[in-house]
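The values are calculated or read from the model by the stated rules, or taken from the named source; none is laboratory data. Quantities reported herein were computed from a predicted structural model and do not represent experimental measurements. Because the Cβ atoms are built from the backbone with ideal geometry, glycine has one as well, and the counts that use them run over all protein chains shown.
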Amino acid sequence: MGPALSSQADPPEVLASRVERSHAAKQKQRHQRQVLKAMVKRVLESPTLSPCALDLRVLPPPVILLLLKFCMADLRALLGVSATWNVKLIETMDQAFTRIESSFALVHSNLFFFKTGYISTSAIRVSDRTGLRVDRVLVAEPLPVLVGHTVKLRCNYRFLQRPGNLYKFEFKFDCIKAGKRTVWVHRDECKYSGSDLRAYSSQIPTAGTGDSLEFAINWYNLQGLVDLSSIEWQPAQISDTAQILSTLQLAPKYPEISSRPQADTSEDEQTIKKRMYLYNVARNCEVELSTTEWYDPRYFLRPKDTYIYDKFMPFLRLTNVEFAGVDNTVSRNSYSANAVGVVIDAERLIGMRVEIKGSREEIVNEVKRVGLVFDRHTAVQLRLGDTFVLYISRGGDR
């Protein structure tokens, strides 16, 4: 038995404050949707504009799209000029992606129920460069035929500035029956990891039937603008999840991968070991692969480094705490989704927004591009009864 967890000791006023703030966060989300709907309605019903306003409605969509190609970096500023500009620009971009969304629905008609698509913008920073990222997010629901399978979606594309080079987007996820899930997140607080303490989740998420999946098709980033006419969807690759997982269990958890082939090891064997390792870290947190044993806080080698990370009641109920590590301390905190709402302070304490929904409510899962640890930093959504595992790495005298 582990130590007594502290959730029962939270004062009633603290719990009430968290519930109230969670309710306010949900109200803010609903208010934003209502404002957007009211803005669109007002623009559609307005026959004329003020004389000083530039009416984009007189320009055909191809002209507006052409203008956007030269000022995509300022898209957020353009969307904020007026309600009319916002609605017209969004409408034009929606039309520009009609072919791509229709192709997605057609190629994967036996695998997904396509729901909708929307434009997403976010600020990005790479080294000393900052800019804007623009995505078209496709929302689809996996059909029951995919249960028990791992699905990889693929599409090819080219940049307008480099039409000779062919690139590809790939997305992969495991599909399971609707029911309880286990979702893990890792937050690295080690001093040598830098100041960005945002957490990350599994590269290959687990999604149940009835859930919605989001696939972000990147249109613009620091590399330039993608040629929409070059985006072509390829047939999906479908594999048996149980067979993949059994193969991973037979493979070494932390294979010795050398940059050079060993004298008694063929290059093919080295490639297989590396691939198995990458498949493991795509589904499991990397600290699990290097940790041989977890300890109850009472028996950990360095008792002064133990802690109880229980700050999310009544939404997340802490059920177990374990520690591992020699140079750095790693904790594995297990929670049960206990109440519906936005988990207050999760963005500050975890580095990621966490939301809990009812057992019959729809949840949305982000499917990151293959190979990316971070993508759009969307919220983690859980249902009541789901298990949430938070790994925290600490060390380097942070």
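Specify the residue that is modelled with the lowest pLDDT; the eligible residues are those in region 230-242 that are surrounded by 12 or more Cβ atoms within 10 Å (Cβ to Cβ) and assigned to a helix (DSSP H, G or I). Don't jump to the end; show me each part of the working.
Looking only at region 230-242, we keep the residues that are surrounded by 12 or more Cβ atoms within 10 Å (Cβ to Cβ), and these are 230-234, 236-239, 241.
Filter again for assigned to a helix (DSSP H, G or I), leaving 230, 241.
Working: Ser230: 94, Thr241: 89.
Filtering first and then ranking leaves Thr241.
Among residues of region 100-123 that are among the aliphatic types (A, V, I, L, M), those with a beta-carbon under 8 Å from a residue that is assigned to a helix (DSSP H, G or I) at least six positions away or on a different chain give the pairs Ile100/Leu228; Leu111/Val145; Leu111/Leu146; Ile119/Ile90; Ile119/Met93; Ile119/Asp94.
A quick yes/no check of all residues on (1) within 21 Å of the chain's Cα centre (by Cα); (2) surrounded by 19 or more Cβ atoms within 10 Å (Cβ to Cβ); (3) of a type outside the set (A, V, I, L, M, F, W, C):
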{"site": "Leu318", "(1), (2), (3)": "no, yes, no"}
{"site": "Phe323", "(1), (2), (3)": "no, yes, no"}
{"site": "Val326", "(1), (2), (3)": "no, no, no"}
{"site": "Ser331", "(1), (2), (3)": "no, yes, yes"}
{"site": "Met352", "(1), (2), (3)": "yes, yes, no"}
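Among the residues in region 154-165, are any within 20 Å of Asn365 (Cβ to Cβ), in contact with a Leu (Cβ under 9 Å, 6 or more places away or on another chain) and modelled with pLDDT of 90 or more?
So the first thing to find is which residues in region 154-165 are within 20 Å of Asn365 (Cβ to Cβ), and the list is 154-155.
Then keep just the ones that are in contact with a Leu (Cβ under 9 Å, 6 or more places away or on another chain); that gives none.
No, there is no match, as no residue in region 154-165 is within 20 Å of Asn365 (Cβ to Cβ), in contact with a Leu (Cβ under 9 Å, 6 or more places away or on another chain) and modelled with pLDDT of 90 or more.
Of all residues in region 311-336, exactly one satisfies the criterion of being modelled with pLDDT under 90 and acidic (Asp, Glu), namely Asp327. Tallying residues that are crowded, with 18+ Cβ neighbours inside 10 Å, over 23 Å from Lys311 (Cβ atoms) and hydrophobic (A, V, I, L, M, F, W, C) within region 365-398 yields 1.
Looking for whichever is more than 30 Å from Leu78 (Cβ to Cβ), of a type in the set (A, V, I, L, M) and under 20 Å from the mean Cα position of the chain (by Cα) here; the options are Ala123, Ala140, Ala178. Which one fits?
Working: Ala123 fails: more than 30 Å from Leu78 (Cβ to Cβ); Ala140 fails: more than 30 Å from Leu78 (Cβ to Cβ).
The match here is Ala178.
Residues that are over 30 Å from Thr329 (Cβ atoms), at pLDDT below 90, surrounded by 13 or more Cβ atoms within 10 Å (Cβ to Cβ) and not hydroxyl-bearing (Ser, Thr, Tyr) do not occur anywhere in region 185-205.
Scan region 298-345 residue by residue and report those that are over 23 Å from Val183 (Cβ atoms) and in contact (Cβ under 8 Å) with a residue 40 or more places away in the chain. Those that are over 23 Å from Val183 (Cβ atoms) and in contact (Cβ under 8 Å) with a residue 40 or more places away in the chain: Arg298, Asp305, Asp327, Asn328.
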